[in-house]
Amino acid sequence: MVRIRLPPAASLFKDEFSMPLAKIVHTYDKDAEAVWNANFEEGLRIAHATGAKEVWSARGNMPTIHLMGGTIMGPGSANSVVNSYGQTHEIPNLYLAGPGIFPTAGASNPTYTIFALSLRGAEQLAAEWSTVAG
């Protein structure tokens with residue numbers, strides 16, 4: 001579960017514009033941890049069965065992953081949260097970036113897609129700054 005907590009206005013942590021920084025809290029529930037551990041154990045069994053010379057376990061130590069979905073990108077507010085630039089449909093001066101705008105995961109690491117979409121949104125925001133900053 002990911003939660004974004006807004007700090008009080010007097011927060012010590014501020015950005016370069018003196019705006020309080022939000023705190024992102026990321027936790028896993030017991031079911032997610034159980035699935036991770038079961039998948040990892042199966043991977044170890046497969047590695048042993050194929051004659052791997054070395055295997056190791058990270059059981060109980062879930063990795064950092066790209067959490068996807070929740071603020072899905074799409075053409076309108078009826079079925080999505082943001083447009084293709086990461087701009088929210090209902091709050092024009094709010095842009096979101098990251099894998100949360102993906103409706104699903106692809107077959108490979110999404111880091112460069114995240115970078116590309118974030119840059120695309122930032123360029124759009126900069127180009128439209130006079131209309132959204134007010």
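The values are calculated or read from the model by the stated rules, or taken from the named source; none is laboratory data. Note that the coordinates shown come from a computational prediction; the quantities given were computed from them, not determined experimentally. As a convention, Cβ positions derive from the backbone with ideal geometry for all residues, glycine included, and neighbour counts pool all protein chains shown. Keep in mind that these areas ignore ligands, DNA and RNA; they rest on the heavy atoms of the full protein, side chains included. Shrake-Rupley method; radii C 1.70, N 1.55, O 1.52, S 1.80 Å.
Some points to look at:
- Residue in the stretch 90-98 that is in contact with a Leu (Cβ under 6 Å, 6 or more places away or on another chain), modelled with pLDDT under 90 and not basic (K, R) present: no
Results for (1) touching an Asp or Glu at 6+ places or on another chain (Cβ under 9 Å); (2) aliphatic (A, V, I, L, M); (3) in a helix (DSSP H, G or I), shown as yes or no for each residue.
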{"residue": "Y85", "(1), (2), (3)": "yes, no, no"}
{"residue": "N93", "(1), (2), (3)": "no, no, no"}
{"residue": "A97", "(1), (2), (3)": "no, yes, no"}
{"residue": "G100", "(1), (2), (3)": "no, no, yes"}
{"residue": "T104", "(1), (2), (3)": "no, no, no"}
{"residue": "N109", "(1), (2), (3)": "no, no, no"}
{"residue": "T113", "(1), (2), (3)": "no, no, yes"}
{"residue": "R120", "(1), (2), (3)": "no, no, yes"}
{"residue": "E123", "(1), (2), (3)": "no, no, yes"}
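- Index of the failed condition, H26 passing every other in (1) open to solvent by less than 80 Å² (accessible area, probe 1.4 Å); (2) more than 21 Å from G70 (Cα to Cα): (2)
- Filter pass, R45 being without any contact (Cβ under 8 Å) to a residue 60 or more places away in the chain and within 18 Å of L96 (Cβ to Cβ): no
- In the stretch 91-114, the residues that are hydrophobic (A, V, I, L, M, F, W, C) and under 23 Å from F17 (Cβ atoms): I91, L94, L96, A97
- Here G70 does not fit the description of being at pLDDT 90 or above and part of a loop (DSSP other than H, G, I, E, B).
- The stretch 40-54, residues that are of a type outside the set (A, V, I, L, M) and exposed (fewer than 10 other Cβ atoms within 10 Å of the Cβ): T50, G51, K53, E54
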